[in-house]
Amino acid sequence: MAAFPQPPAQGHGPVDWSDQDRAEIAELMTHYPTQRAALLPILWLAQRKWGWLSFDVMRRVAQTVDLPPSEVYSVATFYTMLKKQPTGKYLIQVCHTLSCKLAGADRIVEHIKDRLGIEEGQTTPDGMFTLMRVECLASCGSAPMMQIDDDFFEQLTPESIDRILDGLAKGEPLPLPRPEVDKWTFQSLES
Amino acid sequence: MDVPKPRILTARWGIPGSHTLAVAQEHGAYTALRKALTMAPADITAVVKASGLRGRGGAGFPTGTKWTFVPPEEKRGGKPVYLVCNADESEPGTFKDRYCIWNDPHMLIEGCVIAARAIGAKVAYIYLRGEFKYVKDRLDQALAEARAAGLVGKNILGSGVDVDVWTHQGAGAYICGEETALLSSLEGERGQPKLKPPFPAVEGAWRSPTIVNNVETLQAVTWIVEHGADAYKAIGTEKAPGTKLFCCSGNIRKPGVYELPLGYPMMELLNDECGGLLPGRSLKAVIPGGSSVPIMTPAEVARATMDYESINEVSGSYLGSGGFIVMDDRTDLVDALANLLRFYAHESCGQCTPCREGCGWMYSILTRLRDGEATEADIRVLRDLANNIHSRTICFFGASAAMPVQSFLKKFPEEFFARAGVGVPDDWRPAASAK
Ligand SMILES: Cc1cc2nc3c(=O)[nH]c(=O)nc-3n(C[C@H](O)[C@H](O)[C@H](O)COP(=O)(O)O)c2cc1C
Ligand code: SF4
Ligand code: FES
């Protein structure tokens, strides 16, 4: 089931690739025996470039891989990470599957809702943050966790969330909480 | 337990810079590849077969045997062979492949090239789940280094062997971990499973013979080729040789990834490695192999060892992907099962009616039960649904959703019937065990 089942409400107008995009697409196509196989990587490229996949964007992608737009739409709607609707500048996705739930994911969601003053699925009025719940993100041993854009934030506490969101609201870049090479088992969770 | 705990897959974890080619090579990376390049492809397969290595993606199928299913060249009609590494890692409770790639990307690249040579593939794809963008970036860097050093690409180390390795990023769909769905996704289609047979080894990506192997499997291949089948068989149990990465999460003091020999006692994994339960807590249940396998009671946990045979004999459950989820006495099992069914209802690809309709229906019964709005009859419907989904669908996802329901209801019926305001009916237990 797609996370964004509704058809896009608005569009981008006519869009086109830059020369650099074209070079990247040409290189991608050398990885595969068919053009179509490059569809998913190209949709990712389009989403990074235009923020989300409107009909206008999907039509452009369809031309590039020589497929009917309906085929591209059919593929794009299958995958939850491909956005068929715009989101805030930062997309906050909190995992709420079993291991994270056991570690208190519901409290994490409540804390973020209170802090941002929005419900799940909503975007803050300033367009900065969208909040969603998602299923297991393969960080169950460092639960509770959330993903913001491409980054994972793990072993969350209300305090660490405040630090991260304060930084983002001030325009600081995302901190890098990626797993340290020597940290493959975790601290005691007793505290 | 006083058994040796060799670090095969995690040997380079913790070494600063282990993800770079220079450091990895200082610590032995690509020794196995050099050896493999001097071996005939059939001999590589023979070593892997003799080692007894079983796939670490969940099903535990013998890896060497799977490789022999690729038709010989004269029967391929000129079609190429592909190797695909499954790094989709979406099974709830499983989080090892991410660490494998993050801490030692070169061990995976090396394993891909060796396996590709064994099966006659000139191209290998590593399919990563969409959320692993940052893992993919590190892997792409490692690949670029390996390519520049002549370890990947054309004429590897002057041997005349060509193997290209590419990464491919999914976009958020659990079902793409199922191998036929993964291949559909790789081809640029919706990630929907296909009926087997034909198995991918005969007709996979672009209808060509394709071997799909998990990250951990391919990393183990690297070690086996370097150290030999006998060294691998000396670890673990007779039917399950080697080490396995156990992903421990839930109500324990030290969650994390632990590498241990197969056959390690489950209670010792829980108490010694994972630091035991939180103070003052008692054990309620364990899910030993990722969310899709049946749940185990404390009595079963006490008797089982961490290998395919023991878990199944003791409890009817499976080692699966090694996702070990521990629940203590505070856990509400009705709520826990509702949580899991929400996952399956969300992730069903929708092709088969029993799975598409059944998962949503089971989830809705469980939410009503959780909220005290369901009756004894609903619990019977729940069990019927699970029994009628299992083995009646295109792919194994249906069974993966059914097994938690069947096992929770069978092993912890009191919790479920209490929520409907009744005791466990007299006729429940025997019928439940008949499945
Ligand atoms: C619903 C479903 C999800 C799966 N998810 C994964 C996965 O995330 N990673 C994985 O390696 N195997 C997964 N598998 C198993 C694969 O289909 C396949 O058996 C495996 O990748 C083969 O590799 P192996 O022989 O090395 O274990 C899944 C299977 C099913 C039915
Ligand atoms: S069992 Fe479920 S996930 Fe698998 S093919 Fe059928 S509907 Fe799709
Ligand atoms: S359950 Fe949250 S990351 Fe796995």
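Considering A:Ser139, A:Ser70, which residue is surrounded by 17 or more Cβ atoms within 10 Å (Cβ to Cβ), at negative phi and over 14 Å from the mean Cα position of the chain (by Cα)?
Details: A:Ser70 fails: surrounded by 17 or more Cβ atoms within 10 Å (Cβ to Cβ).
The match here is A:Ser139.
Restricting attention to the stretch B:333-353, which residues are assigned to a helix (DSSP H, G or I), open to solvent by less than 50 Å² (accessible area, probe 1.4 Å) and away from chain A (no Cβ under 12 Å)?
So in the stretch B:333-353, the residues assigned to a helix (DSSP H, G or I) come out as B:333-347, B:353.
Checking which are open to solvent by less than 50 Å² (accessible area, probe 1.4 Å) leaves us with B:333-345, B:347.
B:Val334 - this is the single residue of the stretch B:333-353 that is assigned to a helix (DSSP H, G or I), open to solvent by less than 50 Å² (accessible area, probe 1.4 Å) and away from chain A (no Cβ under 12 Å).
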Residue within the stretch B:82-95 that is open to solvent by 10 Å² or more (accessible area, probe 1.4 Å) and part of a helix (DSSP H, G or I) present: no
Pairing a residue in the stretch A:54-74 that is not assigned by TED's automatic domain parsing to the domain that holds A:Leu43 with any residue that is open to solvent by 60 Å² or more (accessible area, probe 1.4 Å), where Cβ atoms lie under 7 Å and the two sit 6 or more apart in sequence or on different chains, gives none
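Say we look at the stretch B:188-207 and pick out the residues that are within 11 Å of chain A (Cβ to nearest Cβ) and touching a Leu at 6+ places or on another chain (Cβ under 9 Å); which of these is most open to solvent (accessible area, probe 1.4 Å)? Show your work before the answer.
Going residue by residue through the stretch B:188-207, those that are within 11 Å of chain A (Cβ to nearest Cβ) are B:188-192, B:205-207.
From what is left, the residues that are touching a Leu at 6+ places or on another chain (Cβ under 9 Å) are B:188-189, B:191, B:205-206.
Values: B:Gly188: 2, B:Glu189: 72, B:Gly191: 0, B:Ala205: 0, B:Trp206: 47 Å².
Residue satisfying both the conditions and the ranking: B:Glu189.
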Checking the structure you have, find out if any residue of the stretch B:73-86 is touching a helix residue (DSSP H, G or I) at 6+ places or on another chain (Cβ under 8 Å), within 13 Å of ligand 1 (Cβ to nearest atom) and free of Cβ contacts under 8 Å to residues at least 24 places away in the same chain. no
When you look at A:Ala23, is it of a type outside the set (S, T, N, Q) and surrounded by 18 or more Cβ atoms within 10 Å (Cβ to Cβ), yes or no? no
Given the condition touching a Ser or Thr at 6+ places or on another chain (Cβ under 9 Å), within 16 Å of ligand 3 (Cβ to nearest atom) and within 14 Å of chain A (Cβ to nearest Cβ), answer yes or no: does some residue in the stretch B:396-416 qualify? yes
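Please specify each residue of the stretch B:155-181 satisfying the condition of being more than 16 Å from ligand 1 (Cβ to nearest atom) and either open to solvent by less than 20 Å² (accessible area, probe 1.4 Å) or not small (Gly, Ala, Ser) (or both).
As a first pass, look at the stretch B:155-181 and keep what is more than 16 Å from ligand 1 (Cβ to nearest atom): B:155-166.
Hits for the stretch B:155-181 are B:Asn155, B:Ile156, B:Leu157, B:Val161, B:Asp162, B:Val163, B:Asp164, B:Val165, B:Trp166.
Can you find even one residue in the stretch B:261-269 that is in a helix (DSSP H, G or I), outside the structural domain of B:Met39 (by TED's automatic domain parsing), open to solvent by 10 Å² or more (accessible area, probe 1.4 Å) and not aliphatic (A, V, I, L, M)?
Residues of the stretch B:261-269 in a helix (DSSP H, G or I): B:266-269.
Within this subset, residues satisfying the condition of being outside the structural domain of B:Met39 (by TED's automatic domain parsing) are B:266-269.
Narrowing further to those that are open to solvent by 10 Å² or more (accessible area, probe 1.4 Å): B:267-268.
Narrowing further to those that are not aliphatic (A, V, I, L, M): B:268.
Yes - at least one qualifying residue is present in the stretch B:261-269.
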In the stretch B:182-199, the residues that are within 11 Å of ligand 2 (Cβ to nearest atom) and in contact with a Cys (Cβ under 7 Å, 6 or more places away or on another chain): B:Gly191, B:Gln192, B:Pro193
Kindly list the number of the only condition in (1) crowded, with 17+ Cβ neighbours inside 10 Å; (2) away from every other protein chain (no Cβ under 11 Å) that fails for A:Thr97. (2)
List every residue pair whose Cβ atoms sit under 8 Å apart, with the two residues 6 or more apart in sequence or on different chains, where the first one lies in the stretch B:121-139 and is touching a residue at least 60 places away in the same chain (Cβ under 8 Å) and more than 12 Å from B:Val165 (Cβ to Cβ) and the second, anywhere, is part of a helix (DSSP H, G or I) and open to solvent by 10 Å² or more (accessible area, probe 1.4 Å). B:Arg138/B:Trp102
Scan (1) away from ligand 1 (no atom under 16 Å from the Cβ); (2) among the charged types (D, E, K, R); (3) not in a loop (DSSP other than H, G, I, E, B) for the single condition B:Glu131 breaks and write down its number. (1)
Number of the condition not met by B:Gly58 [criteria: (1) open to solvent by less than 10 Å² (accessible area, probe 1.4 Å); (2) within 16 Å of ligand 3 (Cβ to nearest atom); (3) assigned to a loop (DSSP other than H, G, I, E, B)]: (1)
From the option list B:Gly120, B:Gly93, B:Gly60, single residue qualifying as away from every other protein chain (no Cβ under 14 Å) and closer than 30 Å to B:Phe343 by Cα is B:Gly60
Which one of these does B:Arg330 not meet: (1) away from chain A (no Cβ under 13 Å); (2) open to solvent by 10 Å² or more (accessible area, probe 1.4 Å)? (1)
Residues A:Leu91, A:Leu102, A:Leu82: which one is open to solvent by less than 30 Å² (accessible area, probe 1.4 Å), in contact (Cβ under 8 Å) with a residue 40 or more places away in the chain and either more than 16 Å from ligand 1 (Cβ to nearest atom) or within 13 Å of chain B (Cβ to nearest Cβ) (or both)? A:Leu91
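The values are calculated or read from the model by the stated rules, or taken from the named source; none is laboratory data. Note that the structure is a prediction, hence the values are computed from the model and not measured. Neighbour counts are summed over all protein chains in view; Cβ atoms, including those assigned to glycine, are modelled from backbone coordinates with ideal geometry. Side chains included, ligands, DNA and RNA excluded: accessible areas come from the protein's heavy atoms. Shrake-Rupley method; radii C 1.70, N 1.55, O 1.52, S 1.80 Å.
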